[in-house]
Amino acid sequence: MLNKQIITIITVSFLWIAGAQIAFAKKPAGGGGGNHMQRGIELAQQKHFDAAVAEFSKAIEANPNDARGYANRGTAYRQGARTAIAAGDQEGASTRYQSALADFSKYVELAPKDASAYLERAATEIELKQYDAAVTDLNKALELKPDDINANKFRGFAELGLSQWDKAVADFTAVIQKKPDDLQNYDRRALAYRGLKNYDAAIADYNFLLSKNPNDVEALTKRGYTYSLALQYEKAIPDYEAALKINPQDNDTFQRLQYAQSMLAKRNASPPAAASPSPTPTPEKPSLISLINPLYVGIGIVALVIIAVIVRFLTRGKAEETSNIIR
């Protein structure tokens, strides 16, 4: 369950961040493909990503050494991939992601000292679940630009994907220190704390989120789940119930509520009464006949027979006494 949640949370959260910060590298209008670059930016902002790709390709043809063309086309490819995923087109999404990765690699090649090049490639690698490669690129981005909180944040996502909980805690904490109003970092850090089984710290982050918005259904559900992991079912149940009041159709939360209730009932159940001991039966006085052992009887008979034989042997051939009476 935890692994499934991690993948879902990373994907949804990353799309939210990346969607909020799309910034195409603008190029002034003029010769050398400038018009195509500007037109591509306009089309991308209108969410016509395939058409934007075509315009950025023309700009690249006009100036193949301009890193901004690859950066913009890579961004358009990535946005097109997300649109394809939303439409259920996994094959189209995969093709666009690979094209985006190739463009950002070209961006790195042409601008190796630009931290944004590594950041953009890492962002694509995270969406492709290539977490090790993303961490490598984000380390380079932070080497070039140590104060880039987005690089810290994205590296935290990659570390969550790698189950590197302690490193993820450190990165999200660094972002929180620089940007305490970005509430999403508390949620991600809570997940990392939960991976470390530091349930108290995770609950503290959820408490902070709920202090900002008591009706945050996700925070209520996640805090309830964390309480359950800590075996504090009596605290998990109210969180689940509060979440279900806001969203009664959440079947997952309903099932978790039932589980917490059953575990609490099991814990509070009275232990079964000890069975009363059975009375020890009084032994019956043995009868005389029961005391006679057949073996002893047999031995006695054999002894009598032997005695009889011996007596007979001793008396055999002895002259019988006769009386003086003449008959």
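Could you figure out which of (1) at pLDDT 95 or above; (2) closer than 29 Å to TYR193 by Cα isn't true of SER105? SER105 satisfies every listed condition except (2).
Cβ-Cβ distances below 9 Å connect the following pairs, each with a first residue in segment 224-245 that is at positive phi, a second residue that is part of a helix (DSSP H, G or I), and a separation of six or more residues or different chains: LEU231/MET263; LEU231/ARG267. Looking at segment 147-169 only, could you name the residues that are over 22 Å from ALA117 (Cα atoms) and either more than 19 Å from the chain's Cα centre (by Cα) or not in a helix (DSSP H, G or I) (or both)? Hits for segment 147-169 are LEU162, SER163, GLN164. Summed over segment 146-161, residues that are open to solvent by 50 Å² or more (accessible area, probe 1.4 Å) and of a type in the set (A, V, I, L, M, F, W, C) total 0.
For segment 170-193, the set of residues classified as open to solvent by 10 Å² or more (accessible area, probe 1.4 Å), under 18 Å from LYS222 (Cα atoms) and either hydroxyl-bearing (Ser, Thr, Tyr) or part of a helix (DSSP H, G or I) (or both) consists of GLN184, TYR186, ASP187, ARG189, TYR193, listed by residue number.
Here the condition is being over 23 Å from GLN184 (Cα atoms), out of contact with any strand residue (DSSP E or B) (no Cβ under 8 Å at 6 or more places or on another chain), outside any helix (DSSP H, G or I) and among the small types (Gly, Ala, Ser); of GLY74, GLY88, GLY69, it holds for GLY88 alone. The set of residues in segment 91-146 being assigned to a loop (DSSP other than H, G, I, E, B) and over 18 Å from VAL175 (Cα atoms) consists of ALA111, PRO112, LYS113, ASP114, LEU128, LYS129, GLN130. The residues of segment 113-145 that are open to solvent by 20 Å² or more (accessible area, probe 1.4 Å) and either modelled with pLDDT under 95 or touching a Leu at 6+ places or on another chain (Cβ under 6 Å) (or both) amount to a single one, TYR131.
Scanning segment 130-161 for residues that are of a type in the set (Lys, Arg) and free of Cβ contacts under 8 Å to residues at least 60 places away in the same chain, we see that the one that is nearest to PHE104 (Cα to Cα) is LYS140. State whether one or more residues within segment 271-294 are open to solvent by less than 90 Å² (accessible area, probe 1.4 Å) and modelled with pLDDT of 65 or more. No, every residue in segment 271-294 fails to be open to solvent by less than 90 Å² (accessible area, probe 1.4 Å) and modelled with pLDDT of 65 or more. Within segment 196-212, none of the residues are open to solvent by 20 Å² or more (accessible area, probe 1.4 Å), in a helix (DSSP H, G or I) and of a type in the set (Val, Ile, Thr).
The values are calculated or read from the model by the stated rules, or taken from the named source; none is laboratory data. Note that the structure is a prediction, hence the values are computed from the model and not measured. So basically every Cβ, Gly included, is an ideal-geometry build from the backbone, and we count neighbours across all protein chains shown. Side chains are part of the model used for accessible areas, which takes the heavy atoms of the whole protein and leaves out ligands, DNA and RNA. Shrake-Rupley method; radii C 1.70, N 1.55, O 1.52, S 1.80 Å.
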